[in-house]
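Just dropping this structure here.
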Amino acid sequence: MVAVREARYRYEGATADVFAAVDLELRAGETFALVGPSGCGKSTLLRALAGVEPLTEGTIEHAEEGRRPSLVIQRPALLPWLDVRANVRFGQRLAANRDAAGRIDVDALLADFGIAHVAERLPRELSGGQQQLVAIARAMAIDPDVLLLDEPFAALDPAARWAMQDWLRGLAVELGPAIVIVTHDPDEALYLGHRVGLLRHGVPGIGPIWEPRRVSRGELPTLPERAELLSLYETTVRAGRELALAI
Amino acid sequence: MNGAGRVVSGAGRVVSLARTVGLQVAVLAVAILAWWVATDVLPAPQSIAHAFSPEEAFPALREMIADGTMGANATTSLARLAVGLALALGIGVPVGLLVGGLPLVERATGGLFQLLRMTSPLSWAPIAVIVFGVGSRPVEALIVAAAVWPLILSTAAGVHALDRDWLLTARSLGARRSELVRTIVLPGVRPHVLTGLRLALGIAWIVLVPAEMLGVQSGLGYEVLNARDQLAYDELMATVLAIGILGYLLDLGAQVLLRPGGPRRGRRLALSARRASGPPTSHTAARPAAPGLAPHARRAPARVP
């Protein structure tokens, strides 16, 4: 379990908080979708969770000793001089994750992700979807307690995006760690999230938090949470725009 | 010349490469003919120019190779080149990493480096002899003075060209600063360092010959002056020829060995894979994982939420 308590973030020299009063508990096996318009601070929150951006205030507690979060960003950012297997193994070779190598077998991971047949290829020889699979496998190889996905499918074409969403939804629970996926697409959030939380400009905390029913992609419009989410989303986008215009 | 780096891949390329080589050989033949005309045909019968003719130079070259003087001098020169380049690499890469990695260092040193870079390395020659005495040391020092700048500048450029997302991802996986340097920065700047090394090699070879005209008793540069002093103009021309041929071969070798992609892998793999992977349409890319993922992927016992 990972818990965020009273998290606040403000850029140095800025006069307003990017986010404040964020409390969040993440349970193993669940997917938490954090949705919000561009610039609402959701990526910053994710980077704080990843430990690469220090919070201005607040704490992040990891219940399990020796396990850490790992982050996947929109670009796969694979190392071009390493083949797929070496890229996936990258994190295991770092001193921080020595133990993970004993728990996660990279070749089994590659097989489970359906990318064992490209293990010897270089990243540039893969499609965009495959590259992102490798990036997620790399993040999983350190046996993280929480997998942080920052708009992981936003750069893919729609067919690849849908395929990746189906894939992630299909195995999210089996993967093990809690997953936090940040997205600006309400439908992606509702499709993937066991819980869906909205992060808004100037509104403290994450909220509301919905627990939408699991439905097929085509049934998404029938979700009552969707109407509410879209309406709040639109309001916060408009507020953000007015704020931008006022400045 | 450039074609050498692009050999392989298809009969068309081979044909075009053969054509390029053929053309270059033809132009080379014309140049030797012009050399012969200028030294043998045009000058008056008693002119000293005849001593510089290819008819004298090529036999002299063969003779110098046969009696071992050319081999000894070339080996000496190449050894100095290697030592100088190795030192330049040892100085240039760390300095380049500092310059590229620390904006303050970069801003502070920019003027100095430009000034030093534009100072002819040979102008340091008397100082090099005072500091390092006679022998190979001053020659190597001058090579360092010439070769270190392209290495510093290209290493720094390599640091700038590093993908920030590589560093972000590595940090998020828990990489420490020293691990970032070892696993991301050093391999990431490698192509730039190799490009710098190629430039450095070219400059160093050019500086090497005049550097060997000062205070040493061996090497190709020394041999040029020595031949002149002995009025052995055929040997002088033979040495000039050897300098040109060796330089050409060095550059050719560097192009093949120091290609940023490296000689290790790449081309063949890249081609076969491009064919295999096809356009990025993804259904293959995102085939859902085989069922029963958990038991394989996680060796740890499943945790209950």
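The values are calculated or read from the model by the stated rules, or taken from the named source; none is laboratory data. What you see is a predicted model, and the numbers here were worked out from it, not measured in a lab. Here Cβ is always computed from backbone atoms with ideal geometry, including for glycine, and neighbour counts include all displayed protein chains.
Within region A:145-161, how many residues are at the interface with chain B (Cβ under 9 Å from one of its Cβ atoms) and in contact (Cβ under 8 Å) with a residue 40 or more places away in the chain?
So the count comes out to 1.
I'm checking my understanding of the structure. Among residues of region A:91-114 that are more than 7 Å from chain B (Cβ to nearest Cβ) and among the hydrophobic types (A, V, I, L, M, F, W, C), which one is surrounded by the fewest Cβ atoms within 10 Å (Cβ to Cβ)?
A:A101
Which members of region A:136-155 meet the condition of being of a type in the set (G, A, S) and either more than 13 Å from A:L46 (Cβ to Cβ) or not in a helix (DSSP H, G or I) (or both)? Outline the logic, then answer.
Keep residues of region A:136-155 that are of a type in the set (G, A, S), which gives A:137, A:139, A:141, A:154-155.
Within region A:136-155, A:A137, A:A141, A:A154, A:A155 qualify.
What is the residue count in region B:79-108 for residues that are under 23 Å from B:P191 (Cβ atoms) and out of contact with any Asp or Glu (no Cβ under 8 Å at 6 or more places or on another chain)? Steps first, answer last, please.
We begin by selecting, within region B:79-108, every residue under 23 Å from B:P191 (Cβ atoms); these are B:81-82, B:84-103, B:105-106.
Subsequent filtering for residues that are out of contact with any Asp or Glu (no Cβ under 8 Å at 6 or more places or on another chain) retains B:81-82, B:85-86, B:88-98, B:101-103, B:105-106.
Residues meeting the conditions: 20.
Counting only residues that are facing chain B (nearest Cβ under 8 Å) and free of Cβ contacts under 8 Å to residues at least 24 places away in the same chain, which one in region A:115-144 is surrounded by the most Cβ atoms within 10 Å (Cβ to Cβ)?
Within region A:115-144, the match that is surrounded by the most Cβ atoms within 10 Å (Cβ to Cβ) is A:Q130.
Select from region B:97-123 the residues that are part of a loop (DSSP other than H, G, I, E, B) and among the hydroxyl-bearing types (S, T, Y) and list them in ascending order.
First pass over region B:97-123, keeping only residues part of a loop (DSSP other than H, G, I, E, B): B:102, B:118-120.
Across region B:97-123, the qualifying residues are B:T119, B:S120.
Does A:L78 satisfy the criteria of being modelled with pLDDT of 90 or more, away from chain B (no Cβ under 13 Å) and crowded, with 24+ Cβ neighbours inside 10 Å?
On the way: modelled with pLDDT of 90 or more: yes; away from chain B (no Cβ under 13 Å): no; crowded, with 24+ Cβ neighbours inside 10 Å: yes.
Taking the combined requirement at face value, the residue does not satisfy it.
If you don't mind, another one. Has region B:28-41 got at least one residue that is in contact with a His (Cβ under 7 Å, 6 or more places away or on another chain) and either surrounded by 12 or more Cβ atoms within 10 Å (Cβ to Cβ) or modelled with pLDDT of 95 or more (or both)?
The first filter runs over region B:28-41 and keeps only residues in contact with a His (Cβ under 7 Å, 6 or more places away or on another chain), leaving B:39-40.
Next, from what is left, pick out any that are either surrounded by 12 or more Cβ atoms within 10 Å (Cβ to Cβ) or modelled with pLDDT of 95 or more (or both): B:39-40.
The answer is yes; a qualifying residue exists.
Moving on to the next point. Counting only residues that are modelled with pLDDT of 90 or more and crowded, with 20+ Cβ neighbours inside 10 Å, how many does region A:25-36 have?
Total meeting the criteria: 6.
Scan B:R107, B:R19 and give me the residue that is surrounded by fewer than 12 Cβ atoms within 10 Å (Cβ to Cβ), closer than 26 Å to B:A156 by Cβ and basic (K, R).
Working: B:R19 fails: closer than 26 Å to B:A156 by Cβ.
The conditions single out B:R107.
Can you pull out every residue in region B:227-275 that is within 14 Å of chain A (Cβ to nearest Cβ) and at pLDDT 90 or above? Spell out how you get there, then give the answer.
Within region B:227-275, the first condition is being within 14 Å of chain A (Cβ to nearest Cβ), and the residues that meet it are B:259-275.
Residues satisfying the conditions do not exist here.
Conditions (1) within 14 Å of chain A (Cβ to nearest Cβ); (2) touching a strand residue (DSSP E or B) at 6+ places or on another chain (Cβ under 7 Å); (3) in contact (Cβ under 8 Å) with a residue 40 or more places away in the chain; (4) among the hydroxyl-bearing types (S, T, Y), marked per residue:
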{"site": "B:G101", "(1), (2), (3), (4)": "no, no, yes, no"}
{"site": "B:A108", "(1), (2), (3), (4)": "no, no, no, no"}
{"site": "B:T119", "(1), (2), (3), (4)": "no, no, no, yes"}
{"site": "B:L122", "(1), (2), (3), (4)": "no, no, yes, no"}
{"site": "B:V134", "(1), (2), (3), (4)": "no, no, yes, no"}
{"site": "B:V139", "(1), (2), (3), (4)": "no, no, yes, no"}
{"site": "B:R164", "(1), (2), (3), (4)": "yes, no, no, no"}
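For residues that are more than 16 Å from A:P144 (Cα to Cα) and β-branched (V, I, T), scanning just region A:173-189, find the one that is farthest from the other protein chains (Cβ to nearest Cβ). Give the derivation first.
First, the residues of region A:173-189 that are more than 16 Å from A:P144 (Cα to Cα): A:182-189.
Still in the running and β-branched (V, I, T): A:182-183.
Working: A:V182: 14, A:T183: 17 Å.
Ranking the qualifying residues of region A:173-189, first place goes to A:T183.
Based on what the data block shows, is A:G170 surrounded by fewer than 18 Cβ atoms within 10 Å (Cβ to Cβ), at the interface with another protein chain (Cβ under 9 Å from one of its Cβ atoms) and out of contact with any Lys or Arg (no Cβ under 6 Å at 6 or more places or on another chain)? Lay out the reasoning, then the answer.
Values: surrounded by fewer than 18 Cβ atoms within 10 Å (Cβ to Cβ): yes; at the interface with another protein chain (Cβ under 9 Å from one of its Cβ atoms): yes; out of contact with any Lys or Arg (no Cβ under 6 Å at 6 or more places or on another chain): yes.
Yes: the conditions hold for A:G170.
Shifting gears a bit: For region A:48-75, how many residues are within 11 Å of another protein chain (Cβ to nearest Cβ), of a type outside the set (A, V, I, L, M, F, W, C) and in contact (Cβ under 8 Å) with a residue 60 or more places away in the chain?
7
Can A:S43 be described as more than 9 Å from chain B (Cβ to nearest Cβ), closer than 29 Å to B:G188 by Cβ and hydroxyl-bearing (S, T, Y)? So that I can check it myself, show each step before the final result.
On the way: more than 9 Å from chain B (Cβ to nearest Cβ): yes; closer than 29 Å to B:G188 by Cβ: yes; hydroxyl-bearing (S, T, Y): yes.
Criteria met by A:S43.
While we're on this one: Restricting to region A:1-24, and then to whatever is free of Cβ contacts under 8 Å to residues at least 60 places away in the same chain and of a type in the set (F, W, Y), can you tell me which residue is surrounded by the fewest Cβ atoms within 10 Å (Cβ to Cβ)? Quick ask: steps written out before the conclusion?
Here is the first cut: in region A:1-24, the ones free of Cβ contacts under 8 Å to residues at least 60 places away in the same chain are A:4-15, A:17-18.
Filter once more, so that each one left must be of a type in the set (F, W, Y): A:9, A:11.
Details: A:Y9: 21, A:Y11: 11.
Taking the candidates together, the pick is A:Y11.
For region B:64-94, what are the residues that are without any contact (Cβ under 8 Å) to a residue 24 or more places away in the chain and assigned to a helix (DSSP H, G or I)?
The answer is B:I65, B:A66, B:G71, B:T75, B:A82, B:A86, B:G90, B:P94.
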